[in-house]
Each structure stands twice: as C-alpha cells, then as structure tokens.
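Every number in this text was worked out from the coordinates using simple rules, so none of it is lab data. Keep in mind the model is a prediction, meaning the values are calculated, not measured. A quick note on method: Cβ atoms are made from the backbone with ideal geometry, for glycine too, and the neighbour counts reach across all protein chains shown.
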Amino acid sequence: MAIHKTALPHVSNELFLTDGGLETTLVFIEGYEFPCFAAFDLLKNEQGYRAIKDYYKRYLNIAKSFKTGFILESPTWRANPDWMAKIGYPPNALVDVNEQAVQLLFSLKNEVHNDVPHVLISGCIGPRGDGYIPTQIMTAEEAAQYHAGQIAVLSKTGVDMISAITMNYAAEAIGIVNAASAVSLPAVISFTLETDGTLPEGISLPEAIELVDNSTLEPPIYYMINCAHPTHFSKQLMQSKEQGWMSRIRGIRANASCKSHAELDEATELDRGNPHDLGNEYKKLKDLFPHLNVFGGCCGTDDEHILAIAKQVAMTY
C-alpha cells in the first residue's frame, strides 16, 4: 500500500501529537544510562535500539486512539560534532548515527501507516552548547557552518523537515534555518523560555521571532515553545492574542515541572508535575489559539502526560 504524503503542520488543519521527554523518560523512569543526555548513544546495541523504538510506539498508540497525525522526532538532539566528540565518537560517526536514528523512525512509520496514516518525520537538531544556558555563543554565520554537517546528513535521509529544539538564543536559530534552506529542508524553531517568558539570552519571544524571520531568506515554517511550563509563558501569549507574531507559533512542548531551569539542573529526582493539570493548561492555550496544532512534551513528560493532553485538545478537534 502506498504511503501518501502528509501536509506539514503550518499548511494543515490536522492535529499532530508528538512525544514527550525522551531523555528524562529513558533515564529516570526506565533506568537507562547514557552520557550527556545523548539518547542516540542507546542505538549502538539491540537493547537500546529496542528501548527507543518501544518508547515511540507508546505515543503512536495514543495518536491511533485519538485519530491524530504524529510527528516522529529523531533522537538526534545531541548528535552534533561537539557533543559527539565529548562522548567519544569519532568525527565520521556523525553520518552513521544520524542515518540510523532516522531509519528507525521510517521503520516505525511503515509499521503503523494503516493505524496512523499521517506521520511526519523530523530531524531533530539541538544546540551546540547547553540547552538551558547560552554557551559558546556563535554568530548566525558560524552557527550555519557548525550545524550544516548534521543537517546535510538528515537531508539525505528523506526527513520531512528539521526541528531545532531548545534554542536559547536567536543567532543559532538563524544559522540553523539558513543551513536547512541551503539543502532545501523546511525548518521549525522551538525556543526555550525562562519563568518570565523571555529567552535565556534575555530577549522576548516576539523579538526573537521577528529577528529570525527578518534574518533568513526562507523563514521557519513555524515556531514552537519547549522546555518551559505553560505557566511561564501563557500570560505573555494571552496578552499578545491579536499580535501577528502569535500566528507564527504552531506547537507547544512544555515541561512537566513548574520549576526554573536552574532548579531543574540541580534536581536529583524527576519532577513529573501533574499530567491532568498539564493537559488543562494545554486546553486553555488551544481554546485561545485554535491555530495551534502540534502538541507534545519536554522534560519530565511521558506518555501519561501526552495522553492527558490528547484528551483535552483532541477530543473536540
């Protein structure tokens, strides 16, 4: 049976779910160990490969139940040169790691296409430095050059788009978008926010979106917010309901915890928050902004959280 092309979220009225906190689930709930939160490291053996595949299957079952689309985000958030070198991988492993990660997703898509026909595959790009704190600050040109290698590999695997997750300063986001444009890949930018709703570099979300949109030849197809709790940014979004930049945001991947990034960095135990309450926060946002159509989770969230979110945003969709 042919697998039909699925429209990307920014040109679709369909609701898309995605997964939760891959790394926090595998480490704190399932007990796996891997360096530097680099989930791709599990792909090096059969047990780890199966763990990641089973992880995604749980979320695909939720999409099946609620008849939504799904975005499979590759486990390559740390699969860029600096992090791979820090973990001990040789430079030539960049190709194999990213290809293997995407191949896993295509195998899943083929397995579920009768039950979840609208599946998109996204190549995940993470920051060069820390996800919470802007480190190794690059210019947009430096960022494009740095991330170009990983993006070029992903472009050859057949991914539908790339998603840059936990971007904490605008210049790196600009560079990633430009590198993706160079290989004709649509890009999604997901900013992480502090408890006051600003980016870790200190600028506001609308400032960051305007800066990226105005500094790229092919702007991102849409933006997301991730690695922050809805209580950190909902007020700002509500106050900006009539402003044009708000229409550029299509997705939310929130943290389970209300804690700040500094508090989460120091935590030794997982804060799962309250899945039901998180689902209610998502419903408030969906009711206010009907154009939002990509919903998943970030740190501390698992399939229970995504199920709670789906019950709130998909039941009446």
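Proximity of backbone amide H atoms, modeled 1.01 Å from N, is registered between ILE125 and SER163, ALA164, ILE165 at under 5 Å, excluding neighbours fewer than 5 places apart on the same chain. Report the one residue of ASN98, MET84, SER74 whose Cα lies farthest in the direction of the positive end of the charge dipole of segment 19-123 (charges on C-beta: Lys and Arg +1, Asp and Glu -1; origin at the Cα centre). Going by the Cα projections, it comes out as SER74.
Shown here: segment 14-313, whose C-alpha atoms stretch 48, 43, 39 Å along the first, second and third principal axes, sorted largest to smallest. The Cβ shell under 14 Å around ASN114 holds other residues with a net charge of +1, Lys and Arg each +1, Asp and Glu each -1. Each principal axis of the Cα cloud of segment 86-244 was taken in turn, and the coordinate range along them, longest first, works out to 43, 39, 31 Å.
Only counting other Cβ atoms within 10 Å, I'd like VAL112, VAL212, VAL188 sorted with the fewest neighbours first.
Listing VAL112, VAL212, VAL188 from fewest to most nearby Cβ atoms yields VAL112, VAL212, VAL188.
Its DSSP H runs of at least 4 residues, each contributing -39,500 (n - 2.57), put the calculated 222 nm mean residue ellipticity of the chain at -12500 deg cm²/dmol, to the nearest 500. Reducing segment 117-133 and segment 159-201 to their Cα centroids gives an inter-centroid distance of 9 Å.
With the highest mean first, a sort of the peptides 196-203, 144-151 on other beta-carbon atoms found within 10 angstrom per residue produces 144-151, 196-203. Taken one residue at a time, the phi angles of segment 300-305 give Karplus couplings (6.51, -1.76, 1.60, θ = phi - 60°) of x, 8, 9, 5, 5, 5 Hz. Gly and Pro are set to x. Rounded to the nearest 20, the size of the Cβ-charge dipole of the chain about its Cα centre is 1000 debye, with Lys and Arg at +1 and Asp and Glu at -1. Across segment 147-163, rounded Karplus estimates of 3J(HN,Hα) from the backbone phi angles (6.51 cos²θ - 1.76 cosθ + 1.60, θ = phi - 60°) give 7, 4, x, 5, 5, 4, 4, 4, 5, 8, 8, x, 4, 6, 6, 10, 10 Hz, Gly and Pro being marked x.
Take each peptide in 256-265, 234-243, 221-230, count the other Cβ atoms within 10 Å of every residue, and average; sorted highest first, the result is 221-230, 256-265, 234-243. Shown for segment 46-112: lysine pairs separated by 8 or more places, or found on different chains, whose C-alpha atoms are under 20 Å apart, numbering 6. Between ASP82 and ILE133, the simple label model (points 7 Å from Cα in the Cβ direction) yields a spacing of 1.3 nm. Relative contact order of segment 1-125: 33 percent, from C-alpha pairs under 8 Å at least 6 residues apart in sequence.
Rounded to 0.05, the FRET efficiency of the GLN243 and LYS64 pair, given R0 = 35 Å and the Cβ-Cβ distance, is 0.45.
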